[in-house]
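Quick notes on the structure that follows.
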Amino acid sequence: MAALREITEAEATGEIARIYDEIREAYAAPYVSSLFRHLATYPGLLEWSWTFTRPAFASGAIQHTGWRNADVSALPALPPISRAKLRSLEVISADEAVIGDVCRTFTRVSPINLVFAGCLARVLRGEAGAMGTVKAPAAEPLPPALPLLPGMVSWEALDPARRAVLDTFETELAGEAFVPGLYRILAHWPGYLAEIAGALGPWLTDPEVLKTCETIADRIVDTAPGILATLAPPPSPAPISAEETGLVLSAIRTYRGTSPQMVGFGTLLLNQLPGN
């Protein structure tokens, strides 16, 4: 499996590292989404896109818009998983809270990504409309930051069994193999990862579930024009070629598919844990 091209948080330096810090603060989350890590591989693109969207992040408009419009109630529920079952999967007591935090983080981050990606796609396609014509809303406070998470298991550290399980969740992003970070973190618990792959795997090709996920995404992404109307236009064209623009738009389309799954499936996984 080839990993998605990205600049990791550990590799980031200079302006990219500074923006990564601002992203973690704006998301009230302990990591930078692979969407931004991928954008950073195009010289100047992360800086350009963050510059024109940053005011809506600073006010909380993008975040709260994403959260308010994330409705996953139409998805089927997962059956509760008992503590005895978790112990049989080698998930100890302390791990339960960590897995819960992992799920909460992705349900927090993914709706924001969808709003941001919707804004970026419209600007790249020249469909942003009349930007800067509406007064920005009053700032809304963000929730407390979520705790640090275990790192994503590196591809090199994966044994063949976990690689095979992660293949269940693999999709294509900008022509490269991509597995959402939720599952790469949960790969720290191989038994649990295999359990949820068995439960969620069939849904990844179920037309009704995928249609529901599209509806979740549409509701969130369709808020992008309202956000763009409050933002000043970018001061310059995007610093990427037409071919690269196509690749970025392809990546955004993939995120439009995987992000509502992170919102929905992350919520379902959280709800099936004991006490939730």
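The values are calculated or read from the model by the stated rules, or taken from the named source; none is laboratory data. The structure presented is a predicted model; accordingly, all values stated were derived computationally and were not measured. Positions of Cβ are generated from backbone atoms using ideal geometry, with glycine treated the same way; all protein chains shown enter the neighbour counts. What goes into the accessible areas is simple: the full protein's heavy atoms, side chains included, and nothing from ligands, DNA or RNA. Shrake-Rupley method; radii C 1.70, N 1.55, O 1.52, S 1.80 Å.
When L148 is tested against (1) open to solvent by 70 Å² or more (accessible area, probe 1.4 Å); (2) in a strand (DSSP E or B), exactly one condition is not met: (2). May I ask you to list the residues in region 227-257 that are over 13 Å from L120 (Cα atoms), open to solvent by less than 50 Å² (accessible area, probe 1.4 Å) and part of a helix (DSSP H, G or I)? Selection gives T254, G257.
A count restricted to region 231-262 and to residues that are closer than 16 Å to N69 by Cβ and modelled with pLDDT of 90 or more stands at 0.
With the condition being out of contact with any Pro (no Cβ under 7 Å at 6 or more places or on another chain) and free of Cβ contacts under 8 Å to residues at least 60 places away in the same chain, I'd like the helices (runs of 4 or more DSSP H) fully within region 1-109 carrying at least 2 qualifying residues.
On the way: elements: 14-27, 34-39, 45-58, 61-68, 83-88.
Per the criteria, 14-27, 34-39, 45-58, 83-88.
For the criterion of being modelled with pLDDT of 95 or more and over 18 Å from the mean Cα position of the chain (by Cα), I16 passes. Tell me yes or no: at least one residue of region 131-150 is over 24 Å from G66 (Cα atoms), in contact (Cβ under 8 Å) with a residue 40 or more places away in the chain and not basic (K, R). Within region 131-150, one or more residues are over 24 Å from G66 (Cα atoms), in contact (Cβ under 8 Å) with a residue 40 or more places away in the chain and not basic (K, R). Residues in region 200-226 that are aliphatic (A, V, I, L, M) and buried (at least 17 other Cβ atoms within 10 Å of the Cβ): L200, L204, V209, I216, A217, I220, V221, A224.
The sole residue among S93, S110, S154 that is open to solvent by less than 60 Å² (accessible area, probe 1.4 Å) and at pLDDT 90 or above is S110. Within region 126-142, the residues that satisfy the criterion of being surrounded by 11 or more Cβ atoms within 10 Å (Cβ to Cβ) and either in contact with a Pro (Cβ under 9 Å, 6 or more places away or on another chain) or not aliphatic (A, V, I, L, M) (or both) are E127, A128, G129, M131, G132, A136, P137, E140. Would you confirm, using the coordinates I've provided, whether P239 is of a type outside the set (V, I, T) and either in contact with a helix residue (DSSP H, G or I) (Cβ under 8 Å, 6 or more places away or on another chain) or within 28 Å of S88 (Cβ to Cβ) (or both)? Yes.
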